[in-house]
Amino acid sequence: MGKLDEVKEILNTLRVAMSIAFGILVLILGRLVSMYGDKQFDMIFWLTFIGMIINVIAIILIVRKLSSKTKEIRDL
């Protein structure tokens, strides 16, 4: 497999990971809004909030990696 094909495959994998991460983010956010509406500010609420922050950080890292791999394709 050539270098270009390898980078393209990594890009596709990162796109799938980003899609899954956004889906998880939507689910977590929906649960947080539901818990907030019910005024349930227990340990589960805060763990879910922390999970959402971790997920957003993961999305940012994936987008940065996507950007660098896209620039790598331009250089090939």
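Laboratory data are not the source of any read-out in this text; all were calculated from the coordinates shown. What you are looking at is a predicted structure, and each value in this text was computed from that prediction instead of being measured. Here the Cβ positions follow ideal geometry from the backbone for every residue, glycine too, while neighbour counts run over all protein chains shown.
Values as computed for the structure displayed
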read-out	value
Residues of type lysines that K8 reaches as a straight line, Cα spacing below 19 Å, ignoring anything fewer than 8 places off in the same chain	K65, K69, K71
Crossing angle, helix 3-37 versus the chain [Cα axis fit, 0-90 degrees, rounded to tens]	10
Under 14 Å from the Cα of K3 - aspartates and glutamates, other chains or at least 8 residues apart	E72, D75
Degrees between helix 43-75 axis and first principal axis of the chain (Cα, 0 to 90, nearest 10)	10
For the chain: Kirkwood Rh in Å [reciprocal of mean 1/r, alpha carbons]	14.1
Rounded FRET efficiency, nearest 0.05, which uses the C-beta distance separating K39 from K3 and R0 of 35 Å	0.05
